[in-house]
Amino acid sequence: MEFYEREAEVYDDVRFSSLVGGLVNAIQKDIVTRLCDFNDGDFVLDVGTGTGRFAVELAKSGATVVGLDPSKSMIKIARKKSIQGGVYRNVNLVIADAHKLPFKKSSFQCCISINVLNHIPDYKSVLVEIGSVLKEKGWLVANFSNMQGLYLPVAVFVNSCKRALFSDVYSRWFTLNEVKKSLFKVGLRVEDVEGFFVLILPSFLQRFSCVTVHIIRKMNALFSSSVFKYLSGSLFVKSQKIFGE
């Protein structure tokens with residue numbers, strides 16, 4: 001929490017202001033928007049909304065978004081972003097803990113959680129909460145760092161240290177089978193998987209690499225939906241609620 005409170009003001013700038021970061025941001029937004037299954041006006045929950053980059057994007061696509069995050073500073077940035085994007089009427093922001101979602105059961109048609117679950121040690125308890133607030137046949141779109149991808153040595157290192165490579169926050173990588181089992185236990189069945197090619201570089205190197213942009217664009221075209229997606233650094237998983245409360 002201290003990390004995100006401290007980083008809120010510069011979070012987007014550090015990660016997405018460079019050529020590489022801007023491309024990563026655009027690709028991830030495109031993936032999430034395509035995988036989310038909702039009609040205009042449906043309620044979509046964004047668990048761990050952070051600075052609201054996905055909440056604002058989905059609101060522009062017609063959703064009524066509830067963005068939840070425990071960081072007051074992140075929520076403050078997300079609110080500014082929703083106003084600047086002209087969608088503040090369709091973005092409702094809540095300061096709360098994902099381990100205890102303050103919503104009634106079966107409240108949301110769709111839920112997203114991007115770059116969040118890999119930073120929560122007891123992520124399964126958050127999945128239980130998400131499964132509870134989803135409507136029957138509702139959808140969850142979440143991403144998971146892929147243990148079985150091209151970055152196996154990095155994944156082993158991160159899992160052994162229990163922290164991210166370039167920041168002092170808890171982090172872990174997953175196998176796809178582990179993800180499927182965890183989702184099924186809370187009533188969610190995986191229906192689609194899309195790969196996202198991750199080029200792991202410190203942020204200061206991203207600012208100077210036009211070549212890196214070209215590589216990421218080409219590799220994501222290859223890794224997104226072909227069989228190579230299972231080797232990508234991050235898996236965007238779409239699952240549907242098939243049973244549960």
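By accessible area, using a 1.4 Å probe on protein heavy atoms only, segment 106-176 has 58% of its surface on carbon and sulfur. Placing a label point 7 Å from the Cα of F184 along the Cα-to-Cβ direction, the residues of segment 215-241 whose backbone N falls under 20 Å from that point are 230, 235-241. Mean separation of Cα pairs under 8 Å and 6 or more residues apart, divided by the residue count, gives the chain a relative contact order of 20 percent. For the chain, DSSP calls about 45 percent of its internal beta bridges antiparallel. Among residues other than C161 with Cβ under 14 Å from its Cβ, the summed charge is +2 (Lys and Arg +1, Asp and Glu -1). Computed from point charges on the beta carbon alone (+1 for Lys and Arg, -1 for Asp and Glu), the dipole magnitude for segment 1-64 about its Cα centre is near 220 Debye. Peptides 232-243, 171-182, 1-12, 69-80, ordered by how many other C-beta atoms sit within 10 Å of their residues on average, highest first, read 232-243, 69-80, 171-182, 1-12.
If packing is taken as the average count of other Cβ atoms within 10 Å, what order do 55-63, 119-127 fall into, highest mean first? Provide the component values of the computation, followed by the final result.
On the way: 55-63: 22.4, 119-127: 16.9.
Highest to lowest by the protection proxy: 55-63, 119-127.
Scanning residues 5 or more positions from D192 or on other chains, those with amide H under 5 Å from its amide H are K238, with H placed 1.01 Å from N in the peptide plane. Couplings 3J(HN,Hα) for segment 188-197, derived from phi with the Karplus relation 6.51 cos²θ - 1.76 cosθ + 1.60 (θ = phi - 60°), are 10, 10, 5, 10, 7, 9, 10, x, 10, 6 Hz, where x marks Gly and Pro. Can you give me the % of accessible surface on segment 1-64 that is carbon or sulfur? Probe 1.4 Å, all protein chains present, nothing else counted. Ligands and nucleic acids excluded, carbon and sulfur reach 49 percent.
Structure note, pairs K72/K229; K29/K185; K137/K180; K80/K218; K72/K181; K29/K238: Cα-Cα distances above 25 angstrom occur for K72/K229; K29/K185; K80/K218; K72/K181. The H on the amide N of V44, modeled in the peptide plane, is under 5 Å from the matching H of T64, V65, V66, each at least 5 residues off or on a different chain. Put simply, the Cα atoms of segment 93-155 extend 42, 25, 20 Å along their principal axes, the longest span coming first. Averaged over its residues, the chain has an accessible area of 48 Å² per residue, based on protein heavy atoms and a 1.4 Å probe.
Helices assigned as whole DSSP H runs in the chain whose Cα atoms extend at least 30 Å along their own long axis and whose mean Kyte-Doolittle hydropathy is 0.5 or higher are not found. Stokes-Einstein, applied to the Kirkwood radius of segment 94-236 over Cα pairs at a viscosity of 1.002 mPa s and 20 °C, places its translational diffusion at 131 µm² s⁻¹.
So between R217 and S106, what do we pick up on full extension, going 0.36 nm a residue minus the alpha carbon distance? Kindly include the intermediate steps, with their values, before the conclusion.
Numbers: separation 111, 0.36 × 111 = 39.96 nm, distance 3.79 nm.
Gain on extension, R217 to S106, equals 36.2 nm.
Peptides 96-109, 156-169, ordered by how many other C-beta atoms sit within 10 Å of their residues on average, highest first, read 96-109, 156-169. Cα convex hull, the chain: 115 Å³ per residue, rounded to a whole number. So what is the calculated 222 nm ellipticity per residue for the chain, using -39500 (n - 2.57) for each DSSP H run with n of 4 or more, over all residues, to the nearest 500 deg cm²/dmol? Result for the chain, helices only: -12000 deg cm²/dmol. Ranked from largest, the principal axis spans of the Cα set of segment 36-84 equal 31, 21, 12 Å.
The values are calculated or read from the model by the stated rules, or taken from the named source; none is laboratory data. Only a predicted model underlies this, so the values are computations on that prediction, with no experimental measurement involved. Ideal geometry is used to build each Cβ from the backbone, glycine not excepted, and the neighbour counts take in all protein chains shown. Protein only, heavy atoms only, side chains kept; ligands, DNA and RNA dropped before computing areas. Shrake-Rupley method; radii C 1.70, N 1.55, O 1.52, S 1.80 Å.
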